Amino acid sequence: MNRHTIQLDAQNRLRHFLTIEGLKRSLLIEIMDLAESFSGVSEQSVKKVPLLRGKTVVNLFFEPSTRTRTTFELAAKRLSADVLNINIAASATTKGETLLDTLHNLEAMHCDMFVVRHASSGSAHFIASHVAPHISVINAGDGRHAHPTQAMLDMFTIRRLKGDFHKLKVAIVGDLLHSRVARSQIHALSTLGVDEIRVIGPRTLIPAAAETLGVHVYHDMRNGLRDVDVVIMLRLQYERMNGAFLPSEHEYFQVYGLTEDKLALAKPDAIVMHPGPINRGVEIASDIADGRQSVILQQVTHGIAVRMAVMALTMRSHAAALEAT
Ligand code: CP
């Protein structure tokens, strides 16, 4: 079974959430619609619904994270699940235990869902292929391969603020070569039928085969930003670079940093997005990050509702499987 099919059950319901590649438009819409229905929960005085009561969600983060880990934890708690945050640095993996042995021990504790971030591309798929049938695996970022919940919260943000995807020109700017976020965004944007996807960056940071993904490649930021509706900035991902890809951060900011004069080339009502963490003065000027067109903190807020939706859908698939036995 490949990674495009392992995440769906026989009825094409979401069993795991590993990648956006290969998913149907109707499923992406279902995630966003369900997220819309959950978005009010965070504004209630009692911020909880009982959908995952009695379920146990394990956050397994082998790489650092602020936004993804905490919003997964909040999402699970708002669905009334119990949440375990495994401190990898203090776990038995540091004593030589393999990843699979760690997982099998967590399975023996009757956990129901693993949310996994790992530096190796393919790790979430590997884990999903080896867990017990009652467990769902959600990819919270694997190497430079995929970050599907980030892409879905970005799509949710775009839909809320811009409406119809078909009319939109979207530019993704920066270090696409090392970006799992960009890969997932491109799959989502193209499945949702945007008018045009542009990728902008230096030759050293755009994958050689980018055009095969159906995007338009620009190395000149001013040309690339002209008349776009959405600007998505990416950070330089030094942790995945081996070698020198840039002359200096200062020079990078001069050419590819988002500043007021460059943003003025986009549509006047263009929105500025960034998955975070942002590096001020490297890929984005502070006045733009904090400015009227920035929706960066709205993206973070939307992460909770979108992650609630993904968790609820995967658990729905398991509930249906249990009912059928
Ligand atoms: N966007 C994102 O993945 O941020 P974190 O690394 O803080 O989770």
Item checked: Residue tally, condition in a loop (DSSP other than H, G, I, E, B) and either of a type outside the set (Gly, Ala, Ser) or within 16 Å of the ligand (Cβ to nearest atom) (or both), over the stretch 269-300 -> 13
Item checked: Breaking point among (1) open to solvent by 20 Å² or more (accessible area, probe 1.4 Å); (2) under 24 Å from the mean Cα position of the chain (by Cα); (3) over 15 Å from residue 302 (Cβ atoms), for residue 42 -> (3)
Margin query: Out of everything in the stretch 60-97 that is in contact with a Lys or Arg (Cβ under 9 Å, 6 or more places away or on another chain) and in a strand (DSSP E or B), what residue ends up being farthest from the ligand (Cβ to nearest atom)?
Written below: 82
Next item on the list: Only residues in the stretch 272-292 that are farther than 13 Å from residue 256 by Cα count as the first member; pair them with residues that are more than 16 Å from the ligand (Cβ to nearest atom) and assigned to a loop (DSSP other than H, G, I, E, B), Cβ under 7 angstrom, at least 6 apart or cross-chain, and list the lot.
Entry: 272/293; 288/259
Check: Within the stretch 262-271, can one find any residue that is exposed (fewer than 12 other Cβ atoms within 10 Å of the Cβ), farther than 21 Å from residue 67 by Cα and in contact (Cβ under 8 Å) with a residue 40 or more places away in the chain?
Finding: yes
Next item on the list: Find the residue count for the stretch 40-82, including only residues that are within 20 Å of residue 104 (Cβ to Cβ) and free of Cβ contacts under 8 Å to residues at least 40 places away in the same chain.
Entry: 1
Check: Can you name the strands (runs of 3 or more DSSP E) wholly within the stretch 177-247 that have at least 1 residues being modelled with pLDDT of 95 or more, of a type in the set (D, E, K, R) and within 16 Å of the ligand (Cβ to nearest atom)?
Finding: none
Notebook entry, point to check: Pick from the stretch 104-137 the residues that are of a type in the set (A, V, I, L, M) and within 13 Å of the ligand (Cβ to nearest atom): which of them is surrounded by the most Cβ atoms within 10 Å (Cβ to Cβ)?
Noted result: 115
Check: Restricting the stretch 138-171 to residues that are β-branched (Val, Ile, Thr) and under 17 Å from residue 63 (Cα atoms), which is farthest from the ligand (Cβ to nearest atom)?
Finding: 138
Check: Restricting attention to the stretch 95-112, does a residue exist that is within 18 Å of the chain's Cα centre (by Cα) and modelled with pLDDT of 95 or more?
Finding: no
Notebook entry, point to check: Under the condition of being without any contact (Cβ under 8 Å) to a residue 40 or more places away in the chain and touching a Lys or Arg at 6+ places or on another chain (Cβ under 6 Å), which residue from the stretch 181-217 is least open to solvent (accessible area, probe 1.4 Å)?
Noted result: 196
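The values are calculated or read from the model by the stated rules, or taken from the named source; none is laboratory data. For clarity, every value in this text was computed on a predicted model and none was experimentally measured. Here the Cβ is made from the backbone with ideal geometry for all residues, glycine too, and neighbour counts use every protein chain on show. The area values use the complete protein model at the heavy-atom level, side chains included, leaving out ligands, DNA and RNA. Shrake-Rupley method; radii C 1.70, N 1.55, O 1.52, S 1.80 Å.
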